[in-house]
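Please read the structure below before turning to the comments.
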Amino acid sequence: MLERALGKTGRTLSAVGLGCMGMSDFYGPADRGESLATIHAALDAGITVLDTGDFYGSGHNELLIREALVGRRREDVFIAVKFGGMRSPDRGFVGVDARPAAVKNFLAYTLQRLGTDYVDLYQPARIDPNVPIEDTVGAIKEMVEAG
């Protein structure tokens, strides 16, 4: 697998990542067994980046990734998570929330669903027009500083 350096940290990642959204939402019914097999095949092929969103399947996608990573070293996988998409019980979209308190709340749930104490990339899915981006990024910075 072709790899690329991530910034100046020295960490290398696969040049290709696996987007997991369709395994829980948006493209029709998902098959748990096929989804897990796909994630396992990707990791076995050297793909190290898994991309998800806390609102994909209203959290189902993160639980699926957690299950797929059982028995694997967490530090071998780069997990990118998008946040802020607000869903209704019927899975419709009802807006975006990137207020600092919401960002911290979303991360708490994400960490619980993923079964980890960190994510590698945490990013807003959309810019919240009601919240200055500096406030959103500032909340992320505070969480990084808190460990």
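The values are calculated or read from the model by the stated rules, or taken from the named source; none is laboratory data. This is a predicted model, so every value here is computed, not measured. All Cβ positions, even for glycine, are placed from backbone atoms using ideal geometry, and neighbour counts span all protein chains on display. Accessible surface is based on the protein model in full, side chains and every heavy atom, while ligands, DNA and RNA are left aside. Shrake-Rupley method; radii C 1.70, N 1.55, O 1.52, S 1.80 Å.
Looking only at the stretch 78-86, decide whether some residue is aliphatic (A, V, I, L, M) and either under 13 Å from Gly115 (Cβ atoms) or touching a helix residue (DSSP H, G or I) at 6+ places or on another chain (Cβ under 7 Å) (or both). Walk me through it before giving the result.
The initial filter retains those residues of the stretch 78-86 that are aliphatic (A, V, I, L, M), namely 79-81, 86.
Adding the requirement that they be either under 13 Å from Gly115 (Cβ atoms) or touching a helix residue (DSSP H, G or I) at 6+ places or on another chain (Cβ under 7 Å) (or both) leaves 79, 81.
Yes, some residue in the stretch 78-86 is aliphatic (A, V, I, L, M) and either under 13 Å from Gly115 (Cβ atoms) or touching a helix residue (DSSP H, G or I) at 6+ places or on another chain (Cβ under 7 Å) (or both).
When Val103 is evaluated against the numbered criteria (1) under 27 Å from Gly33 (Cα atoms); (2) β-branched (Val, Ile, Thr); (3) assigned to a helix (DSSP H, G or I), which criterion, by number, is the only one it fails?
Of (1) under 27 Å from Gly33 (Cα atoms); (2) β-branched (Val, Ile, Thr); (3) assigned to a helix (DSSP H, G or I), only one is false for Val103: (1).
Can you tell me which residues in the stretch 1-18 are part of a loop (DSSP other than H, G, I, E, B) and among the charged types (D, E, K, R)?
Within the stretch 1-18, Lys8, Arg11 meet the criteria.
Within the stretch 19-69, which residues are in a helix (DSSP H, G or I), open to solvent by 20 Å² or more (accessible area, probe 1.4 Å) and at positive phi?
Listed by number, the list holds a single entry, Ser58.
Just to be sure, is Leu107 within 14 Å of the chain's Cα centre (by Cα), surrounded by 16 or more Cβ atoms within 10 Å (Cβ to Cβ) and either farther than 26 Å from Val16 by Cβ or of a type outside the set (Asp, Glu) (or both)?
Yes; evaluated as a whole, the condition is true for this residue.
Output the residue which, of all residues in the stretch 74-100 that are in contact (Cβ under 8 Å) with a residue 60 or more places away in the chain and assigned to a strand (DSSP E or B), is most open to solvent (accessible area, probe 1.4 Å).
It comes out as Phe78.
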